[in-house]
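Working notes, beginning with the structure itself.
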Amino acid sequence: MKQSSTKESLLLLLKKNNSLTISELAEEVGISEIAVRKHIHDLERQKLVQARQVRQSVGRPLNYYELTERGQHTFTSHYESFSLELLNDMEALYGKSMVYDLLKQRAGRMEKELQTQMPEEDFHQRVEKLAHIQEQNGYMVELEKKNDHTYTLKQYNCPIWNIARNYKGMCGQEVKVFSNLLEDSKVVAEKSMLSGEACCAFQIIHKSE
């Protein structure tokens, strides 16, 4: 395995799991702990990863590794940074309410675009299609079927992370868009990366239940 791809794998694991130990990373990647430690030290020097000590009931504290803010930015785009600058300029000129009006309009446009891609078939097909669309849009999606009437949709990446962090109302708009797209369902936000969770998680429940 090439060095660069190993480092990318380590960053991806930390992105999806929030924090892991050297031994946990080694098990996931399938290489020795010594090799993982070398890659992690390189990533620390690049300020992409940082260590956090966790005290154990017995023995020495254990190092857990997690992405730094700079490491999180490796999963975002230059387009997002440009968009955030434009929104900040708009806020300075016209106030925050104008920014939220713009974001609300964007959410409505996105909903209309997504609606054209949604199948008219049953609940399961619509949920699976939504997960597929979000995966294509860069959200690193996992869809878990809990039972015949409930799904959990997890998004491990947010392509507009910096914008959402500065304008937190966007997250509520996302729930509204999902609810409108899955009009026969109830969508509940269970976890948020803005709250320090490893992913944004949504429970999707068929309304007939």
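The values are calculated or read from the model by the stated rules, or taken from the named source; none is laboratory data. Bear in mind the structure is a predicted one, so any value in this text is a computation, not a measurement. With ideal geometry, Cβ positions are generated from the backbone for all residues, glycine too; neighbour counts draw on all protein chains shown.
Restricting attention to segment 1-29 and to residues that are of a type in the set (A, V, I, L, M) and within 14 Å of Phe75 (Cβ to Cβ), the residue that is surrounded by the fewest Cβ atoms within 10 Å (Cβ to Cβ) turns out to be Leu13.
Mind listing just one residue for me: the one in segment 160-201 that is among the small types (Gly, Ala, Ser), part of a helix (DSSP H, G or I) and at pLDDT below 90 and, of those, surrounded by the most Cβ atoms within 10 Å (Cβ to Cβ)? In this case the residue turns out to be Ala164.
Can you find, within segment 81-99, the residue that is surrounded by the fewest Cβ atoms within 10 Å (Cβ to Cβ) among those that are modelled with pLDDT of 90 or more and of a type in the set (Ser, Thr, Tyr)? Checked segment 81-99; the qualifying residue surrounded by the fewest Cβ atoms within 10 Å (Cβ to Cβ) is Ser97.
With the requirement that a residue be among the charged types (D, E, K, R), under 16 Å from Ser179 (Cα atoms), surrounded by 12 or more Cβ atoms within 10 Å (Cβ to Cβ) and without any contact (Cβ under 8 Å) to a residue 40 or more places away in the chain, what does segment 107-139 give you? Correct list: Glu128, Lys129. If you check Ile163, Ile204, which single one turns out to be over 17 Å from Leu130 (Cα atoms), touching a residue at least 60 places away in the same chain (Cβ under 8 Å) and in contact with a Leu (Cβ under 7 Å, 6 or more places away or on another chain)? Going through Ile163, Ile204 in turn, the sole match is Ile163. Among residues of segment 30-64 being surrounded by fewer than 18 Cβ atoms within 10 Å (Cβ to Cβ) and aliphatic (A, V, I, L, M), the one that is nearest to Cys199 (Cα to Cα) is Ala51. If I ask for residues that are more than 19 Å from Phe75 (Cα to Cα) and touching a Lys or Arg at 6+ places or on another chain (Cβ under 6 Å), which ones from segment 109-151 would you list? Residues satisfying the conditions are Met118, Pro119, Tyr151.
Which residues, counting only those in segment 4-35, are in contact with a His (Cβ under 7 Å, 6 or more places away or on another chain) and not hydroxyl-bearing (Ser, Thr, Tyr)? The answer is Lys7, Leu10.
Would you be able to say whether some residue in segment 139-153 is in the same structural domain as Leu103 (by TED's automatic domain parsing) and within 24 Å of Asp101 (Cβ to Cβ)?
Filtering segment 139-153 for residues in the same structural domain as Leu103 (by TED's automatic domain parsing) gives 139-153.
Cutting the leftovers down to within 24 Å of Asp101 (Cβ to Cβ) gives us none.
No, the conditions are met nowhere in segment 139-153.
Here Val99 meets each of (1) free of Cβ contacts under 8 Å to residues at least 40 places away in the same chain; (2) touching a Phe, Trp or Tyr at 6+ places or on another chain (Cβ under 7 Å) with one exception, condition (1). In summary, Ala35 fulfils each of the numbered conditions (1) farther than 23 Å from Lys154 by Cα; (2) at pLDDT below 90 with the single exception of condition (2).
For segment 140-159: of the residues being surrounded by fewer than 19 Cβ atoms within 10 Å (Cβ to Cβ) and outside any strand (DSSP E or B), which is modelled with the lowest pLDDT?
It comes out as Pro159.
Within segment 131-153, the residues that satisfy the criterion of being hydroxyl-bearing (Ser, Thr, Tyr) and closer than 10 Å to Ile204 by Cα are Thr150, Tyr151, Thr152.
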